[in-house]
Amino acid sequence: MTAAARALALIDDDRIVADTCELIAGWGENPGGTEAETVRRLVAICERIGARVQLQEIAAGRPNLLASIGPEDGPAVLFLGHSDVVPAGEGWTADPFVPRIADGMIIGRGATDMKGGLAAVLEAMAAVAAVAPGIRLELLCTVDEEDRALGVQTWLAEHGLRRYLACIVAEPTDLEIVIGCRGAANLHVEVLGGSAHAGRPEDGASSIYGAAALVDVVRELHAEAGAGEGDPLLGNPTWNVGTIAGGSGTSMVPRVTELTIDRRTMPGEDPELILAELLAQSREAIASSGAANAQRIEVRGVVDMVMPGFRTTEDDPVVSAAADALRSLDQDVRITGWTAACEGGFVAQASGTPTVILGPGDITGQAHQPDEQVRITDLGVAARAYALIALAIAGGAED
């Protein structure tokens, strides 16, 4: 029996289900909570499979986790995930953090994004270690992925990342092989005007009127970005005004208005240059808007968060290994790109590691929704695919 066959025989679907349910029950809503309980449960699973654990506390109750198995050094395969989930929100038919099983699905917040993926990775790591102890495997599980990516950025600042043989991000892709994704930049823009009594608005300079001109600029930039041919895998850059808040009262000309803007970036784009372009065009638009005292309106901004994109070539060994693994498991092979963003871009940017996203669950149809769920059979396929990819990429297994 080959090493691959022995590894597959060791993977236990019931154990993956149990671990997924255990992690769902660990909560980890972000914002609004901490990941500590989920990480505590992750540590217990890591200890069960014989993995070494390193924790990094980035804030109270918010520890990053690095689990490693195999030799202390040498070439390694990195799995990447996160321990936080989005807030449960409304619309659930039962408690979102009491996992339940129905019709072949595990239901609970984080089932798809991404407690199921984490459980599948750990099951695969244990199986590979049992048949090929000379292979080093690592799981980096970060906090705060769903908000500001503070976990991965803090890890990189303190520890850095070496170049790995491959990085496999266990985010939900419906078992498609994602070889590239757009990045994301959060822009915080402040429009400053001048207050005045609403009975004489011409004495003031309305920051809301300035913000309205800025919103028009964002809409035009979004239309221009979408008019191009676009990347065949990643599509086009996009703009979205996410929040706007301004003014102090109905009878006052508003002095300050703040906006948050989401800009989805293509690999290689510089968010600082994107912000500078937005501010320059907004100042021109405000100056020609006809708003009272437009010359008194100032616009300034900062890049509040950056999640870089990445692109791996289709002929890279990790892509071939993933495709071969899925074929051997009687799965359709779909190689595609993501319009979403993930932390794989940080790994690719920091270390040049070839990166793919591959995981159980549907990012658009199941994640971040009431009654979030993941198909149990897909968890098993994912774990087996991870094991086969690691064995193919790292070698070192004797048949």
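Given the convex hull over the Cα atoms of the chain, what projected area results after averaging over all orientations, in nm²?
Numbers: hull surface 84.0 nm².
Mean projected area of the Cα convex hull: 21.0 nm².
With charges only on Cβ, +1 for K and R and -1 for D and E, what is the dipole size of the range 183-307 about its Cα centre, in debye, rounded to 20? The partial results should precede the final answer.
Numbers: 8 positive and 17 negative charges, 102 e Å.
With only Lys, Arg, Asp and Glu charged at Cβ, the dipole is about 500 debye.
Only loop residues by DSSP count here, and only those with at most 13 other Cβ atoms within 10 Å; note down the GluC sites (Glu not before Pro) in the range 318-399 that meet that. Don't skip to the answer; put the middle values down first.
Details: sites: E343, E372, E398; in loops: E343, E372, E398.
Answer in residue order: E398.
Sorted by packing (mean other beta-carbon atoms within 10 Å per residue), highest first, where do 268-275, 148-155 land? Kindly include the intermediate steps, with their values, before the conclusion.
Details: 268-275: 14.6, 148-155: 21.2.
Highest to lowest by the protection proxy: 148-155, 268-275.
Full extension from T243 to D14: what is 0.36 nm times the residue separation minus their Cα-Cα distance, to one decimal in nm?
On the way: separation 229, 0.36 × 229 = 82.44 nm, distance 4.34 nm.
Stretched fully, the T243-D14 segment lengthens by 78.1 nm.
Over the range 183-307, what number does the Rg to Rh ratio reach, with both radii from the alpha-carbon atoms and Rh per Kirkwood?
On the way: Rg = 15.7 Å, Rh = 15.1 Å.
Reported Rg/Rh (Cα atoms, Kirkwood Rh): 1.04.
Once amide H atoms are built 1.01 Å from N in the peptide plane, which residues 5 or more positions from L234, or in another chain, come under 5 Å H to H?
none
Once both labels are modelled 7 Å past Cα along the beta-carbon direction, what's the D216-D332 spacing in nm?
Reported label-point gap for D216 and D332 is 4.6 nm.
Taking 35 Å as R0, compute the FRET efficiency from the Cβ-Cβ separation of E229 and S288 and round it to 0.05.
On the way: r = 31 Å, r/R0 = 0.88.
The calculated FRET efficiency here is 0.70.
Assign one of three labels to the range 268-399, namely rounded, prolate or oblate, based on the Cα gyration tensor with a ≥ b ≥ c the square roots of its eigenvalues; rounded applies when a/c is under 1.5, prolate when it is not and a/b is larger than b/c, and oblate otherwise. Numbers along the way, then the final one.
Numbers: a/c = 4.00, a/b = 2.33, b/c = 1.72.
Cα axes put the range 268-399 in the prolate bin.
Can you bin the range 46-151 into rounded, prolate or oblate? Criterion: square roots of the alpha carbon gyration tensor eigenvalues sorted a ≥ b ≥ c, rounded for a/c under 1.5, prolate for a/b above b/c, oblate for the rest.
Working: a/c = 2.88, a/b = 1.51, b/c = 1.91.
Oblate is the answer for the range 46-151, as a/c is 1.5 or above yet b/c matches or exceeds a/b.
For T377 and V256, what does the FRET efficiency come to when R0 = 45 Å and r is the distance between their Cβ atoms, rounded to the nearest 0.05? Before the final figure, lay out each step's value.
Values: r = 53 Å, r/R0 = 1.18.
So the FRET efficiency works out to roughly 0.25.
If R0 is 45 Å, what FRET efficiency do you get for D324 and A94 from their C-beta distance, rounded to 0.05?
Working: r = 40 Å, r/R0 = 0.88.
Here the calculated transfer efficiency is 0.70.
Rank by packing, highest mean first: peptides 137-143, 350-356, 55-61, 297-303, with packing defined as the count of other Cβ atoms within 10 Å averaged across residues. The partial results should precede the final answer.
On the way: 137-143: 25.9, 350-356: 20.7, 55-61: 13.7, 297-303: 17.9.
In decreasing order of mean packing, 137-143, 350-356, 55-61, 297-303 become 137-143, 350-356, 297-303, 55-61.
All of the numbers you see were taken from the coordinates with simple rules; none came from a lab. The shown structure was predicted, so the numbers you read here are calculated from the model rather than taken from an experiment. Cβ coordinates were reconstructed from backbone atoms using ideal geometry, including for glycine residues, and neighbour counts include every protein chain displayed.
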